[in-house]
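Single-structure report; data block below.
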Amino acid sequence: MLFELVTPYKSISIIGMCKNAGKTTVLNELIAAHRDFDGILALTSIGRDGESTDVVTSTHKPNIYVYENTLVATASGLLKHCDITSEVVATTDMGTPFGDVAVVRAKSDGYIQIGGPSMSQQLIDLNSELMSIGATRVIIDGAISRKSLCAPSVTEATILCTGASYSSSIDKVIEDTKNSAELLMLDETDFWAGEPTERLTFCDDEGNVATYESTPLHEAIKANPEKKHIMHRGAVTDSILKPLFMSATPLQGVEICAQDASKLLISAKTRDKLLLRGCRLSVLNKTVLLAVTVNPISAYGTHFDPVELRVRMKEAVDVPVIDVRSEND
């Protein structure tokens, strides 16, 4: 099912709600599904992936297995940990803790370790480089707390991974994953066009504009009661929005538009408060969320019933839910 979902897209990101959410398992499933792909698959990662033990949690991790002709963009210092026969086809000046990123072509099947660049612009540039070399689809494996990877400027579509490692409470896993998925699927604004140049831009239906660079959001809203459309450049966080509730800022009919879903770093509780007060969230550039994958097994000892997790997640989100381990959807 994963292969069918990614087929329309040239670049895919895999992001996780937490460590050990099953991202590498999803990556391996996608690689295997591309074995008979009539094209060239390319892989890279934010941070290191493919090692057998997580260096932070000391938990077991799946290895990454690739097939001949796959392009791999990885740190030069990690090539010694790959057991494929490879050919270097490009070098870059994108630095990592393990050396500059190089692009190699697998000349045999085998295990690899991936360590790619960490900056969004570097990933955009690397994606273009891989396409120019001949890649027809690029998959970028993400890292915890790197939601920027799902920005439409970086990849065309994304897969969200979650599971028992996020929390010992299945209710919390469902609630927070639902919130993340719904933020990723927010509609594009039908009012704004063009990237913002100021931190805050207010506009009314007649086109009257006010801009702010340092004024707190709640103060700017109170100063512009007739300007209901707000474009917010940069991250929108709980701490930025909290003063709206503490100061009883009027929010009925207000639209807060972020550049894209990767900029919306807010909890389910904060989002619910906005909605209850009549405030609508939107994005300038919409993210395509292909699926939510679930992992019922925690690296820390907690296991969920796989059927319950899958069924409840299906009820919570409006995209396909896949348990890659059981290959049921």
_For Gly47, distant residues with modelled amide H under 5 Å away_ = Gly116
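Beyond 31 Å, what share of the Cα-Cα pairs of the chain is found? Please give it as a whole percent. Show your work: numbers first, answer last.
Working: 19911 of 53956 pairs.
Pairs farther apart than 31 Å: 37 percent.
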*Among all the lysines, which ones have a C-alpha under 30 Å from Lys23's C-alpha, if same-chain residues fewer than 8 places away are not counted?*
Lys10, Lys61, Lys80, Lys107, Lys147, Lys172, Lys178, Lys263, Lys269, Lys286, Lys314
*asked:* Given Cβ point charges of +1 (Lys, Arg) and -1 (Asp, Glu) and nothing else, what value in debye, to the nearest 20, does the dipole of the chain about its Cα centre take?
replied: 740 debye
*Taking only DSSP H segments of four or more residues, each worth -39500 (n - 2.57), what value at 222 nm results for the chain once the sum is divided by all its residues, to the nearest 500 deg cm²/dmol?*
-7500 deg cm²/dmol
*Given the options Glu156, Glu87, Glu255, which has the most mean-square fluctuation in a GNM of the chain, springs set between C-alpha atoms less than 10 angstrom apart?*
Glu87
*Which whole-number percentage describes the relative contact order of the chain, with Cα contacts under 8 Å and a sequence gap of 6 or more?*
20 percent
*Note the full-extension length gain between Val88 and Ser108 as 0.36 nm times their separation in residues minus their Cα-Cα distance, in nm to one decimal.*
5.9 nm
*R0 of 35 Å, Cβ-Cβ distance Lys222-Lys286: FRET efficiency to nearest 0.05*: 0.70
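The numbers here are math on the coordinates, done by the rules we state, and not lab data. Keep in mind that this is a model prediction, so the values were computed, not measured. Cβ sites come from the backbone with ideal geometry, for glycine too, and all protein chains shown count toward neighbours.
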